[in-house]
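Novice: Pasting in a structure now, in structure tokens, and then I'll have a few things to ask.
The values are calculated or read from the model by the stated rules, or taken from the named source; none is laboratory data. What you are looking at is a predicted structure, and each value in this text was computed from that prediction instead of being measured. In this analysis, Cβ positions are derived from the backbone assuming ideal geometry, glycine residues included, and neighbour counts consider all displayed protein chains. Heavy atoms of the whole protein, side chains included, go into the accessibility calculation; ligands, DNA and RNA do not. Shrake-Rupley method; radii C 1.70, N 1.55, O 1.52, S 1.80 Å.
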Amino acid sequence: MKQPNILLIYTGGTIGMIKDFNTGALKNFNFDELLKHIPELRLLDCTIETFSFSHPIDSSNMNPNYWIALADVLESNYNRFDGFVILHGSDTMAYSASALSFMLEGLAKPVIFTGSQLPIGDLRTDAKENLITSIQIAAAQNEKGPMIQEVGLYFEYKLYRANRATKINAEHFEAFASLNYPPLVESGVHLVFNEPKLIRSDRKSNLMVHKNMVTQIVLLKMFPGLEEEMLNHMLSFKGMKGLIMETFGSGNVTNEPWLVNALQGIIAKGIPVVNITQCPGGSVSMGLYETSVDLKRIGVISGKDMTTEAALTKMMYLLGRGLSSEEFKENFETSLRGELS
Ligand code: ASP
């Protein structure tokens, strides 16, 4: 079997920074120097080519235009490579990885996001393990083709489904969690693939890349103390195309009539309203408590057990597809890329 060919894409983030030993400051890394700093990469059973954003960014500056740029790189290199590893800052990695999971329909090759909490040049870095194992996972194949055929996020010994992962820690090396879906791969002495949980692509379908992401979305987090005037102010945004509410527990909100009335007004304008839970684990279940019965009655869409990152990027993607209200609701409540149970 020929050696897999992996494209390593550098967008920025801590992983690619290096300590200047004279000044002690972190600075951006010359990406072409990467192989010199990680001689272990030469021992891997694959060939690696690299591509770098011309201006690498801290991922807090990430926006959908960069996602489109990434989708372009993946699309134009899709046939030439067997797998892709994307180096990305951890802060917004779950958003970018979720977005790409929706933008890449019919994906049949691995696209693995990774990064690190410490720069690659730091003595105690987590970058080397994250990078090396991500490349190994992207290169892993069996007789039927690539082991991973979806977008994943690898951090600290675990590969998660991209649209199930969320950043939970700014200090620990274990920075991500996926509370509603098990890891796809665990890295110990061996790489253990959780095969029944992997997406198997339809071999006949071709990659379709969707680049129309609609961003005029309001993300509203419920909190005790939210008042009618504050709500109305937020919802008066003229160009609003969609609303995502992060609600309590299993999808509950205050019973105050002004909230339901305001939401009903938005839905009447044809603007979709989605309910996701602010709990990191578990699912929305509208109608379970009296405090969510009205939401169900007025046509609020259930985000079920989706992460905020997945719900937000799924809404951007679906709004960009020009669906009717019924189609939007049906697609939102259906698993398109394994993002909900
Ligand atoms: N602020 C950095 C970023 O997200 C943190 C990291 O890389 O982990 O780009």
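Novice: Roughly how many percent of the accessible protein surface of segment 165-294 is carbon and sulfur, given a 1.4 Å probe and a whole-percent answer?
Specialist: Percent of accessible area from carbon and sulfur atoms in segment 165-294: 54.
Novice: Mind jotting down a quarter of the surface of the convex hull over the alpha carbons of the chain, in square nanometres, one decimal?
Specialist: If I average the Cα hull's projected area over directions, I get 18.7 nm².
Novice: Treat each spin label as a single point 7 Å out from the Cα along the C-beta direction, and report the M234 to Q216 distance in nm.
Specialist: 1.9
Novice: Label-point separation (nm) for F21 and T254, each offset 7 Å from Cα along Cα-to-Cβ?
Specialist: Inter-label distance under the simple model: 5.9 nm.
Novice: Out of all Cα-Cα pairs in segment 247-310, roughly what percent, to the nearest whole number, are more than 14 Å apart?
Specialist: Values: 1038 of 2016 pairs.
Roughly 51 percent, rounded to a whole number.
Novice: Another question, if that's okay. Give me the base-10 log of I(q)/I(0) for segment 108-170 at each q in 0.14, 0.22, 0.25 Å⁻¹, Debye formula, one uniform scatterer per Cα, rounded to two decimals.
Specialist: -0.42, -0.88, -1.04
Novice: If you don't mind, another one. Return the subset of K109/K167; K211/K238; K109/K296; K221/K296 for which the Cα-Cα distance in this structure is over 30 Å, preserving the input order.
Specialist: Working: K109/K167 24 Å; K211/K238 24 Å; K109/K296 38 Å; K221/K296 18 Å.
Listed pairs above 30 Å: K109/K296.
Novice: Could you compute the net charge surrounding E150? Neighbours are other residues with a C-beta less than 12 Å from the C-beta of E150; K and R count +1, D and E count -1.
Specialist: Overall, the nearby charge balance is +4.
Novice: Here is a follow-up. So what J values fall out for segment 236-253 if you push phi through Karplus, 6.51 cos²θ - 1.76 cosθ + 1.60 with θ = phi - 60°, rounded to Hz, Gly and Pro as x?
Specialist: 8, 4, 4, x, 4, 10, x, 10, 10, 9, 8, 9, 7, x, 8, x, 9, 9
Novice: Please list, in chain and number order, the residues 5+ apart from L220 or on another chain whose amide H is under 5 Å from its amide H, with Hs placed from the backbone.
Specialist: Residues meeting the criterion, in which the H sits 1.01 Å from N, are I244, M245, E246.
Novice: Mind listing the Cα extents of segment 31-166 along all three principal axes, in Å, largest one first?
Specialist: The Cα atoms of segment 31-166 stretch 40, 39, 27 Å along the principal axes, largest first.
Novice: Here's another thing I want to ask about it. Counting Lys and Arg as +1 and Asp and Glu as -1, each charge on the Cβ, what is the dipole of segment 138-290 about the Cα centre in debye, to the nearest 20?
Specialist: Working: 14 positive and 14 negative charges, 162 e Å.
With Lys and Arg at +1 and Asp and Glu at -1, about 780 debye.
Novice: Report the Cα-based extents of segment 100-234 along its three principal axes, largest first, to the nearest Å.
Specialist: 60, 45, 27
Novice: Starting from the residue with the highest accessible area, list D58, D82, D45 in decreasing order, probe 1.4 Å.
Specialist: Final ranking, largest accessible area leading: D45, D58, D82.
Novice: Where in segment 84-121 does the amide nitrogen come within less than 18 Å of the point 7 Å from the Cα of S60, taken along Cα to Cβ?
Specialist: Counting backbone N atoms under 18 Å from the label point, the list is 88-96, 116-119.
Novice: I'd like the accessible area for E150, computed on protein heavy atoms only with a 1.4 Å probe and all protein chains in place. Round to 10 Å², please.
Specialist: 10
Novice: So if R0 is 22 Å, what FRET efficiency would R42 and Q141 give, r being the distance between their Cβ atoms, rounded to the nearest 0.05? List each step's numbers first, then the result.
Specialist: Working: r = 20 Å, r/R0 = 0.90.
Step by step, r from the Cβ atoms, then E = 0.65.
Novice: Now for a separate question. What is the helix-to-structure angle for 127-139, meaning the angle in degrees between its Cα long axis and the longest Cα principal axis of the chain, kept from 0 to 90 and rounded to the nearest 10?
Specialist: 90
Novice: Moving to a separate point now. Can you compute the equivalent ellipsoid semi-axes for segment 156-278, i.e. the square root of 5 times each eigenvalue of the Cα gyration tensor, sorted largest first and rounded to whole Å?
Specialist: Working: eigenvalues 268, 87, 33 Å².
Semi-axes (√(5λ), whole Å): 37, 21, 13.
Novice: Moving on to the next point. If you build the convex hull over the alpha carbons only and average its shadow over all orientations, what do you get for segment 193-341? Give it in nm² to one decimal. Intermediate results must be reported in sequence, preceding the final value.
Specialist: On the way: hull surface 40.5 nm².
With the hull built on Cα positions only, its mean projection is 10.1 nm².
Novice: While we're on this one: Using a 1.4 angstrom probe, figure out how much accessible area segment 1-159 has per residue, in square angstrom, rounded to the nearest whole. Each step should come with its number before you reach the end.
Specialist: Values: 6550 Å² over 159 residues.
Accessible surface, normalised per residue, equals 41 Å².
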